Each structure stands twice: as structure tokens, then as C-alpha cells.
Amino acid sequence: MGVPIVLVHGLRLSSSMWRPQVELLNSQGRRVVAPDLPGHGSRRGEVFSLGSAVDAVLGAIDQVGGRALLCGLSLGGFVSIAAAGASPGRVAGLVAASCTAKPAQSLAQVYRIPSVLMDRLPDRGAAVNERFHRLTLRDGAAEAVLDGGLAVEAATAVIDEIQSLDALSSLASYEGPVWLINGARDHFRIHEKKFYDACVDGRLVNVPRAGHMVSLDQPVNFSRIVADAADVVAVREADAGRLEAGPEGP
């Protein structure tokens, strides 16, 4: 079974976005869980805060034994970075996808104004967001996203919370292995070198022909990266266990 895997979804989305990864990784006998963050999916209506989101992620890790490979995309990547920095002993490894942009700049400049404008629409932009996903995602990916609902009402609060995150400091404080994953076409790659340099033990992977939703644009490739990361972490965990046990007697 190896190390458990916890998957953390993106802004406005829910755990349903991880359906391709859950199916592929489960088929390999891996234990995978995907929690909903506050204000999203099954937790719509709750107030989002960075602290409550980190608590949700760490709670999911506790449910699978207290230590796991943590994988997040976009908002989920930022939350996962914060969780790794806050509780490194529970994070055996970190896969941070589509989030190598400083939150204060990327969220304030790219998402803040559109979110405020969307809030003025009668449906707060739900129809626009649904159409966007149906136009840009294929092979069942749009259904995976939409089946969990779109928490358009949560966007502004999320942006206000996340833009204060010092992601580089959180990465620097986490000594475990980190995989920074970006679609080659992703606009959130703008600070990937700075994020990579902040990692104590990092690697940077760019996925060809993929955009911001890299896990859905290239689901098989992305799942393979996560599976490989889980295998690396499992070997390291086993080696660490043997070192702690000490040499065997004669």
C-alpha cells in the first residue's frame, strides 16, 4: 500500500476534481483521500480561512495514520505548502502543483478584480465558470470538476486570506522532499525558480501541453508523477525506520 496520499483541491472546486487521480492511484492499491476545504464542496457555506483550511488538511492526514504524501493544486497547493510548514512531521512529502507564484501578487492581480465583478452577477458567476470548464476540459474532466459544485461565493474570501501567505518561507521551513509541478502553459509559473530555490529538497517538473489545471489536462501523467513521488517517499520512510531501529544484533 505504501505511504497514504492526501489530495487538496483548487479554488471554487471540491474533492471531486481528483476523480481521475483517485481512480488511477486506487487501481494501484494506494490509499488516497481527498478532503473538501472550508467553503467548498460538502463544506459550502462555511467560512474559509487559511488556518481552517490547514486544519482540514492535517485532519485528513491524521485520518490516514498521521503521516502522508500531501498533494495540492492551485489553492490546494498553497494550503498544502502552509500545512507542510506548520506541521512538517505529518508531511512525508509534498507535491505542490500550479502554485509557483507569490500569492500577494498572483491572487491580487489575476483573481481579485474578476472575483469582485463576478460577485455582482445574479448567480455570482456560476454559469460563466461552468461554461469555462466545459470549454477547456475534456474526456470527463469537466464532469469531475462540476459534480462537486462550484463554490463561486467563496472566491473573494479565499483570495483575501491566501494573499497574505508567505509561501516561500513555509517552503524553506519544510525539509522533506518537494515536487513543484506546473503545466508548461500555466500562467502561475512566474516565480517557479524562486519557489524551487526556497525548497530544501526540491525538484521542478513542467508537464507539456498542460495549463493551470494540469491534473485534469494530463491526468495520467500527473497521476504517474504523484505515484512516483509516493514511491520515493515510501523508500525514504523505510530507510529512516531502519536507521531508527539501529543495527541488528549478532
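Identify, among A92, S164, P20, the residue whose Cα sits farthest towards the positive end of the charge dipole of the stretch 5-236, taking +1 on the Cβ of Lys and Arg and -1 on the Cβ of Asp and Glu, with the dipole about the Cα centre.
P20
Describe numerically, in nm with one decimal, the distance between label points set 7 Å from Cα along Cα→Cβ at E175 and at D201.
In this crude label model, E175 to D201 measures out at 0.9 nm.
In percent, what relative contact order does the stretch 167-250 have, based on Cα pairs under 8 Å that are 6 or more apart in sequence? Don't jump to the answer; show the numbers that get you there.
Numbers: 90 pairs, mean separation 22.6, N = 84.
Rounded, it is 27 percent for the stretch 167-250.
Which trypsin sites (Lys or Arg not before Pro) in the stretch 151-250 pass both tests, a DSSP loop state and at most 13 other beta-carbon atoms within 10 Å? Mind dumping the intermediate values first?
On the way: sites: R185, R189, K193, K194, R203, R209, R224, R236, R242; in loops: R185, R209.
Within the stretch 151-250, the qualifying trypsin sites (Lys or Arg not before Pro) (loop, at most 13 other Cβ atoms within 10 Å) are R209.
What is the spread of the Cα atoms of the stretch 151-198 along each of their three principal axes, largest first, in whole Å?
Here the spans come out as 34, 27, 16 Å, largest first.
How about the stretch 141-197: which GluC sites (Glu not before Pro) there are in a DSSP loop, with at most 13 other Cβ atoms within 10 Å of their Cβ? Kindly include the intermediate steps, with their values, before the conclusion.
On the way: sites: E143, E153, E161, E175, E192; in loops: E175.
When the GluC sites (Glu not before Pro) of the stretch 141-197 are filtered for loop state and at most 13 Cβ neighbours within 10 Å, E175 remain.
Excluding H9 itself, what net charge comes from residues whose Cβ is under 13 Å from its Cβ, given Lys and Arg +1 and Asp and Glu -1?
Working: positive: R12, R19, R43, R44; negative: D36, D147.
Counting the neighbours of H9, the net charge comes to +2.
Could you please report the charge total around S98, scoring K, R as +1 and D, E as -1 over all other residues with beta-carbon less than 15 angstrom from its beta-carbon? Could the numbers behind the result be given before it?
Values: positive: R12, K102, R185, R189, R209; negative: D186, E192, D217.
Around S98, the charge tally is +2.
Just in the stretch 193-250: which GluC sites (Glu not before Pro) are loop by DSSP and have at most 15 other Cβ atoms within 10 Å?
Numbers: sites: E237, E244, E248; in loops: E248.
Counting only loop positions with at most 15 other Cβ atoms within 10 Å, the GluC sites (Glu not before Pro) in the stretch 193-250 are E248.
Hey, what number do you get for the chain at 222 nm if only DSSP H runs of n ≥ 4 count, each worth -39500 (n - 2.57), divided across all residues, to the nearest 500? Walk me through the intermediate numbers first.
Numbers: 12 runs with 114 residues, N = 250.
My calculation for the chain gives -13000 deg cm²/dmol from helical runs alone.
Using Cα-Cα distances under 8 Å and only pairs 6 or more residues apart, what relative contact order does the chain have, in percent?
Numbers: 493 pairs, mean separation 60.6, N = 250.
Across the chain, relative contact order equals 24 percent.
Select from the chain the helices, each a whole stretch of DSSP H, whose alpha-carbon atoms run 24 Å or more along the helix axis and whose Kyte-Doolittle mean is at least 0.0; answer none if there are none. Spell out each step's value before the answer.
Working: long enough: 219-245 (39 Å, 0.27).
Result, helices passing both filters: 219-245.
Evaluate E = 1/(1 + (r/R0)^6) for D228 and S164, where r is the Cβ-Cβ distance and R0 equals 35 Å; express this FRET efficiency to the nearest 0.05.
Working: r = 33 Å, r/R0 = 0.94.
So the FRET efficiency works out to roughly 0.60.
Could you give the alpha-carbon Rg of the chain over 2.2 N^0.38 Å, rounded to two decimals? Can you show the working numbers first?
Working: Rg = 17.6 Å, N = 250, 2.2 N^0.38 = 17.9 Å.
So the Cα radius of gyration is 0.98 times the expected 2.2 N^0.38 Å.
Rounding to the nearest 20 debye, state how big the charge dipole of the chain is about its Cα centre with +1 on each Lys and Arg Cβ and -1 on each Asp and Glu Cβ.
With only Lys, Arg, Asp and Glu charged at Cβ, the dipole is about 600 debye.
Does the stretch 131-250 come out rounded, prolate or oblate by the C-alpha gyration tensor, with a ≥ b ≥ c the root eigenvalues, rounded set by a/c under 1.5 and, if not, prolate when a/b is larger than b/c and oblate if not? Please list the in-between numbers first.
Values: a/c = 2.20, a/b = 1.68, b/c = 1.30.
Prolate shape, in that a/c is at least 1.5 and a/b is the bigger ratio.
Normalised by the residues of the stretch 1-57, what does the relative contact order come to in percent, with Cα pairs under 8 Å and at least six apart?
Answer for the stretch 1-57 is 35 percent.
Each reported figure results from applying straightforward, stated rules to the coordinates on display, with no laboratory input. Because the structure is a prediction, the values reported are computed rather than measured. With ideal geometry, Cβ positions are generated from the backbone for all residues, glycine too; neighbour counts draw on all protein chains shown.
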